[in-house]
Structure formats: structure tokens, C-alpha cells
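Take a look at the structure below.
The values are calculated or read from the model by the stated rules, or taken from the named source; none is laboratory data. Predicted model, so just to flag it, every value in this text is computed and none were measured. With ideal geometry, Cβ positions are generated from the backbone for all residues, glycine too; neighbour counts draw on all protein chains shown. Ligands, DNA and RNA are excluded from the accessible area calculation, which covers all protein heavy atoms including side chains. Shrake-Rupley method; radii C 1.70, N 1.55, O 1.52, S 1.80 Å.
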Amino acid sequence: MFGRLGAGIALALIFALPTHAEVPVTTFTLDNGLNVVVIEDHRAPVVVQMIWYRVGAADEPAGHSGIAHFLEHLMFKGTEKVAPNAFSGIVEAQGGDDNAFTSWDYTAYFQRIAADRLDLVMEMEADRMRNLRLTEDDVTTERQVILEERAQRTDTDPGALLMEQMRAAQFLNTPYGVPVIGWRHEMEALSRDDALSYYERFYAPNNATLVIAGDVTPDKVKVLAEKYYGPLKPSEGIVPRIRPQEPPQLTERRMVLEDERVSEPYVFRTYLAPERDPGNQREAAALTVLAELLGGNGQTSVLARALQFDTQVAVYSSAFYDGTSIDDATFGLMVMPAQGVTLEKAEAEMDRVLAEFLEKGPDPAALERIRTQVRAGEIYARDNVESLANRYGQELSVGLTMTDIEGWDEALAAVTAEDVMAAAHKVLDRRNAVTGWLTQPKADGEAKE
């Protein structure tokens, strides 16, 4: 383990790390509009292919919630070239693995495989971009799968239900209030026509970013991309993603979810917060540092020290912020009270600590430590080729530029105490908050908290 001298050397090494990524990154665009990013890493003969569609749950037609995630499942049903449900088996037979995921702003598919098999998976992925084949049986079967997924991940989880209700209360007008998996009653009505209409409009080269990371060269990727993706026709249905925005929030919104399945009650609060903006990441960087200061570490953060150690009213506390979105994001806080401490008491103590922080500001040494840790985390993440592919794909999909992506750690390093406090005073306003209590039902005659 490091002693004092070792720790100092480690800190010096972090500061000595270069600001810009040393991993070679190349970009180009095909004639049909497909954006391509190539991230070279020749340390191992492995490659990751990711295709990112710039469409997600926030882009769904009204009344068809869940269609983005539903189509993600249906994309594995096959084409004329690939038999139904055979896609993953083919990848696995070559020693690779694959998966997919959906968020509000994007849907992504990826394969991790030996570099000499890139030709195969690129051909397969390009094939299903425009040549998906669906039967009514496919849709009926997979619709039941997503309904069961909702039952397992949301309907049987009180914490997930609370977060779902809180997002719906936070975003009254922005489509971020609709759950990615969808509302059950709308999921039940999703049809083959719904899926194909959504697919034909949004799954197209001019609405996608292809990220190839690993033991490859840009020249080789360009040849393969032009061969397999190049012939695909663009969609005429792609328009700028200009969505409804939130009206001014005039008062805090509060809710209590009582459920007998709750074993650990907690207070959860989210504030409406600005997202990372192309060309101006200063505020988002300050909010990232603020989240780490308040609740990023279970022992040294502001909330942890005050609530878990000084007053011992909580056994757990945290704060979070992720501004990688097209529209407004959220800044969140969570406090789980200690045995015998009410939710009312826990929330009051959380608010007391926040008020003190807003008055006094961060400890300079803590701020410097957090800035270093956050920046170091960003820099060291470059050592993982899959993490890099995910980073570039995600951030390009929400409208950030290559300059924004490669300048993010610079933005974090430049955060000052004044930046943190300006962001804190702007965001930590109860009028912009939704506060939820998760608790067990009270016994008859028992006083409410």
C-alpha cells in the first residue's frame, strides 16, 4: 500500500497525465450519412462494434411508450440472411458476445469479438439496419417478454416504482417523464405495424453512429463500412429532435410510496438540472464535481460525514448527476435513515446540511481532491476500449461534438469553488425539486411521520 510519499507520487502522476486522449481517434462520414468513429487500440486482437441510433424513448409517438425498447428486442428476430433469434448464437460461436440497450435519447447494439471477425459482425449489423423481418408471432412472443421484464424490474420493485413516479412528476411536459420500458397499458397494445413504422423511419444510416474500437485501422474500417453500410438507403423521416420543454416549476412536488415490501425506507429527491451543452460544458462540469462533493464517497463526502458519522442519523447517503442528455437532466440526493430515525428527521437533517453547504461552500482541500479524482477517473477510463466506444457513441448521440468529448476532462479540471457554488445555488432550489419517501405502510393507529 502507498504511504504518504507513495500517495503524493500518485497524485503527481494524475496531474501529469495529458489532457487530450492519446488513443488515436478517427472520424468520417459515408455518403448515406452514417457517422463513423474509429478508436485504435492494438494491445490485443479484439474489436468492439457499436451502432448507436439517435432515437430513444423520448422520441416515441404519444401513446406508444415502450416502442423503442420493444424494437430493441425485435431486432434479434432475424432477416432473410440471418435466421430468427440466431444473431447472438452466431456471435457466440465465433467466441464473441453481444447485447443492446435503450435509453431516452438513443438505442445501441454492440458486439465484442476477435478482430479478424469484424467483417462478419459488420455484415450482420448492417443487414439488420434495413432488412429486419417480423412476423405476428414474433411480435406477440416478444411483447410478452417485455411485459414480463416490466413485471420483474419495475412492478415488483417499490424503489423502481417510486423513481418512475418521481420522473413523471419531475417532467410534466418533456418526454423524459415516460419510462423507457413503457407504461404497461400502452405496452400491451404495441403492434407489428407500430414496430415496423418506427423501425423504417429511425433505423437508417443517416440517423446512426458506428463506433469501431480495438485492433483496427481507419483504412480497414472505411473499406468494410463502405462495403456493408454504404449501400443502405437513408431515411427521409429524420428531422431535428426539437422536443417540448418544461414550464417553470413553481413549487416542490412531493409523494409518499408505501409498500409492505420495503425493507429499508429512504428519502429520495431530484432537482431539475441543466444538461451538458455542445460548446459550453462549464456548468455541467461544476454539477459533476458538486455531486461528488456532496455524496460521491460513502466516508468523506459532505452528506456522509454529516449524516452518517457526525449525527449518525443515516446509514447511507449519496448524490448523483449525469448531464449526458439532449434536454434538462436531474441532480439527485438520497438518504437512508438509521434504525429508529424517521424519514422526516432524515430529510430535515439533509436539508440542514445542504443549507450549511450553500452558506459556507466546499472545503478547499476536499474540492481539490474531488477535482483530481473525477478527472483521473475520466482519464483512466481511456484505458478500456469498450468504455471509450461507449463514451463516444453516447455523447455523440446526444449532440455533443468530438471537441466536447475530448475536452471534458479539461472542463472538469477547470472547475472552481465559485463554479460549484453558482451551480449549487441554481440547482438546489426546492421549487425545482421532487421529493419522495419510500416506506412501509403504517399500522392502524400508528402516527404518520
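Structural remarks
- Selection count, the range 369-404, where residues are within 15 Å of residue 323 (Cα to Cα) and outside any helix (DSSP H, G or I): 4
- Being open to solvent by less than 20 Å² (accessible area, probe 1.4 Å), touching a residue at least 40 places away in the same chain (Cβ under 8 Å), in contact with a helix residue (DSSP H, G or I) (Cβ under 9 Å, 6 or more places away or on another chain) and farther than 30 Å from residue 95 by Cβ is a property that residue 121 lacks.
- Residue, nearest to the chain's Cα centre (by Cα), within the range 241-275, restricted to residues that are open to solvent by less than 30 Å² (accessible area, probe 1.4 Å) and among the β-branched types (Val, Ile, Thr): 270
- Restricting attention to the range 387-423, the residues being open to solvent by 10 Å² or more (accessible area, probe 1.4 Å), under 20 Å from residue 106 (Cβ atoms) and of a type in the set (Gly, Ala, Ser) number 2.
- Residues within the range 181-201 that are surrounded by fewer than 21 Cβ atoms within 10 Å (Cβ to Cβ) and either under 21 Å from the mean Cα position of the chain (by Cα) or among the hydrophobic types (A, V, I, L, M, F, W, C) (or both), tallied: 3
- The range 220-242: number of residues that are touching a strand residue (DSSP E or B) at 6+ places or on another chain (Cβ under 9 Å) and more than 16 Å from residue 48 (Cβ to Cβ): 2
- Check on residue 366, touching a Leu at 6+ places or on another chain (Cβ under 6 Å), under 23 Å from residue 283 (Cα atoms) and open to solvent by less than 20 Å² (accessible area, probe 1.4 Å): no
- Residue 227 passes every criterion in (1) part of a loop (DSSP other than H, G, I, E, B); (2) loosely packed, with under 15 Cβ neighbours inside 10 Å; (3) not β-branched (Val, Ile, Thr) apart from (1).
- Among the residues of the range 103-119, those identified as touching a strand residue (DSSP E or B) at 6+ places or on another chain (Cβ under 8 Å) and of a type in the set (Ser, Thr, Tyr) are 106, 107, 109.
- For residue 144: the one exception among (1) under 30 Å from residue 226 (Cβ atoms); (2) at pLDDT 95 or above: (1)
- For first residues located in the range 276-291 and more than 18 Å from residue 371 (Cα to Cα), partners that are open to solvent by 70 Å² or more (accessible area, probe 1.4 Å) and part of a helix (DSSP H, G or I) and lie 6+ apart or on another chain with Cβ distances below 6 Å do not occur.
- As a summary of the residue check, residue 151 satisfies the conditions (1) over 28 Å from residue 48 (Cα atoms); (2) among the small types (Gly, Ala, Ser); (3) open to solvent by less than 20 Å² (accessible area, probe 1.4 Å) except for the one numbered (3).
- Within the set 293, 333, 354, 358, the sole residue that is part of a helix (DSSP H, G or I), crowded, with 24+ Cβ neighbours inside 10 Å and aliphatic (A, V, I, L, M) turns out to be 293.
- Test: residue 299 is modelled with pLDDT of 95 or more and either assigned to a helix (DSSP H, G or I) or open to solvent by 10 Å² or more (accessible area, probe 1.4 Å) (or both): no
- The range 308-330 - residue that is in contact with a helix residue (DSSP H, G or I) (Cβ under 6 Å, 6 or more places away or on another chain) and within 21 Å of residue 436 (Cβ to Cβ) and, of those, surrounded by the most Cβ atoms within 10 Å (Cβ to Cβ): 317
- Residue selection: residue 423 satisfies the criterion of being modelled with pLDDT of 95 or more and either part of a helix (DSSP H, G or I) or under 25 Å from the mean Cα position of the chain (by Cα) (or both).
- Within the range 168-180, being touching a residue at least 60 places away in the same chain (Cβ under 8 Å), open to solvent by 30 Å² or more (accessible area, probe 1.4 Å) and within 20 Å of residue 268 (Cβ to Cβ) holds for 172, 178.
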